[in-house]
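Here the structure is laid out as structure tokens; the discussion comes afterwards.
The values are calculated or read from the model by the stated rules, or taken from the named source; none is laboratory data. It should be emphasised that the depicted structure is a prediction, and the values quoted were computed from it without experimental measurement. Virtual Cβ from ideal backbone geometry, glycine too; neighbours counted across all protein chains shown. Areas reflect the complete protein model, heavy atoms only, side chains present, ligands, DNA and RNA absent. Shrake-Rupley method; radii C 1.70, N 1.55, O 1.52, S 1.80 Å.
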Amino acid sequence: MATRQQPVCQIFSFRDCKSLPDQILEPLAASCGMPIVIDNGSFQTRADWASVDSPRLLFRSVAARSRGAARSETQIGNDIPNLEPLRWLLKSQFDRNVVVNFEIQELIFDYVFTHLGITSEGRVEHPIVLTEAPCNPLHCRQMMSELLFECYDVPHVSYGVDALYSFHHSNNQRTLRPPQTGIVLSSGYHCSHVLPVINGRLDAANCKRVNVAGGQAAAYLQRLLQLKYPGHLAAITLSRMEELLHEHSYTAVDYQEELEKWRSPEFYEREVHRMQLPFSGKLPGGCASVEERQERRAQQLRRLQEINARRRGEKLHQDQERLDRLMAVQELLEEGLVDQFHKSLVALNMDSAEELQSYISKLQLAVEQGRQKLLHSDGAEGKTEGSELEPHMEEGDGMAMMYADFSEDTLPEKPNVNVVQPSFNMAEYHQLFVGTERLRCPEIFFQPSLTGEDQMGMMETLQYVLARYTPEQQEALVSNVFLTGGNVQYPGMKERMERELLAIRPFQSHFKVTMAKQPTLGAWLGARDWALEHPPGGVDGGGAVGWISRQDYEEKGGEYLSEHCASNVFVPIKINKTVPARQVEPSVTMPTGASGAVGVVTSALTSSTSDAPMVSS
């Protein structure tokens, strides 16, 4: 019995999805003060009310405006139909996962609050739960609090780390008893983080960041394919490379062994993904049929005849105008106006009446021949007109312009050189063969040196962080290794992590790797769970733990942070209080025996002043 043969190659097409503008949602909880949860991600912003199960507002964290246009022309997120045209000037509020451009951040907030259906004028009367970067600088938090409290007049704000929200959400789904100890490996669009969690709280002193993530992987893939296919530079866009990463890449469990498999031609033909680029099926030249070539030559003939007729008509009109002008000058001589006649000759750059008569005769002959030719052309073709007397021919007019009666047969027939040549597959020419690139780009997560980065990979960084703890703490941390973020969704990522941990951990030691069920939405879901479990307090400042009220903002400053299980650690700025200089008292004559006592008292005052405690802001 014959077996059914499987197709050898896999051909895929780019979806090239165009974003649709977001609709303005109904304010589901506008009357009950329900918190608004905003996952302020570096790649995508997710926002909605805390009462819904999943965010309905998802858009790219980018603002675009036409080059040279005013700020009113700025478009946000899904209002941008395509990010690729060069006319767009794209800007993001992030720099290495830290918000630094607060003008763009204000536009993002305007977009969120408008599309959530908030209609209150001048203020947002709802608490805000906002994600921030691990170990966020105090200045960035101060600017963010100032924007929310001063510009939007929100009643309460809570800050938390997106990876920790996802970590606690996963622990709640697995019904693990808090507080939990573990280590979080988060990889987003701009950078990746190793975050140790001890007894439910972030150990900020041992957090590490690696500047390799999804954005670098997409740029690396674009560079590889542009070097491989220099004829398709314009078609290899960053948006298509992100689609390739998300849908066609995978993580090799053993990188070197997997590369050896790709040396096999059978394995290559079976595993390579052919990405079909858009193309036109019509080929130029002799590849077209005989009827198409004849129709193309006829169109070219008509176009040349129209151009020739138009130029001859213009020439005939100019000759007629010049003849009328010369005839008017000759009439001056016949009427006896000799002075005006000589002045007109000088203006025409002529010396005598004979020269004028010679020019008039030539122009009359040319005009008459042009008219006869015009009548003949109207009877034969109905289109061509003009004269054969064209002493001045412009460059680029071509040989066909010099003859009005050329026919289709005068155009040379190009030899059909494609008759003896093999057929050319145009569709295959417009295909990208994505082979080892499918595993090379996710590999920079473990080997940043592939892109020229001089830093450790994620597993080396994890080993460095674990070395800072005692063996008992290391056992507790590796027993709950949690993967989250959009850049860990490659197939095989969990298996690769387990293999790397097996290599770096002691013999017969135990560890467990868990991946978030929804790596991209886990942060928003965790922030929603926390907001529902910890409602804010009153406006008078007696808020619950984790919330910053307006009174806290005014009294403690914009950099103040109310800590909770998923937040950063608040480290206030310590400022040394300057002691005013003491005035020098006039010298007083003391007894000889009292000089030692005075020295003792002075040294005691000096030591007490130097040991004065620092005052926290």
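Points to keep in mind about this one:
- Residues that are under 31 Å from the mean Cα position of the chain (by Cα) and not in a helix (DSSP H, G or I), drawn from the stretch 197-223: C207, K208, R209, V210, N211, V212, A213
- Out of D203, D254, sole residue that is touching a Pro at 6+ places or on another chain (Cβ under 6 Å) and not aliphatic (A, V, I, L, M): D203
- With respect to the conditions (1) at pLDDT below 50; (2) part of a helix (DSSP H, G or I); (3) open to solvent by 70 Å² or more (accessible area, probe 1.4 Å), G396 falls short on a single one, namely (2).
- Qualifying residue in the stretch 159-173 (condition: modelled with pLDDT of 95 or more, more than 30 Å from E247 (Cα to Cα) and either in contact with a Gly (Cβ under 9 Å, 6 or more places away or on another chain) or open to solvent by less than 10 Å² (accessible area, probe 1.4 Å) (or both)): yes
- Matching residues in the stretch 174-190 - criterion: being buried (at least 24 other Cβ atoms within 10 Å of the Cβ) and of a type in the set (A, V, I, L, M, F, W, C): I183, V184, L185
- Condition met for S120 (among the hydroxyl-bearing types (S, T, Y), open to solvent by 40 Å² or more (accessible area, probe 1.4 Å) and either more than 14 Å from the chain's Cα centre (by Cα) or modelled with pLDDT under 95 (or both)): yes
- Which listed residue, of L89, L83, is under 19 Å from the mean Cα position of the chain (by Cα), aliphatic (A, V, I, L, M), at pLDDT below 90 and part of a loop (DSSP other than H, G, I, E, B): L83
- Counting only helices (runs of 4 or more DSSP H) that sit completely within the stretch 445-508, those holding 3 or more residues that are touching a strand residue (DSSP E or B) at 6+ places or on another chain (Cβ under 8 Å) and more than 24 Å from G215 (Cβ to Cβ) correspond to 471-478.
- Verdict on D110 being under 23 Å from the mean Cα position of the chain (by Cα) and open to solvent by 20 Å² or more (accessible area, probe 1.4 Å): yes
- Residues satisfying the stated conditions in the stretch 481-508, i.e. of a type in the set (V, I, T) and surrounded by 22 or more Cβ atoms within 10 Å (Cβ to Cβ): T484, V488
- G117 meets the conditions (1) part of a strand (DSSP E or B); (2) in contact with a Leu (Cβ under 6 Å, 6 or more places away or on another chain) in every case but one. The failed one is (1).
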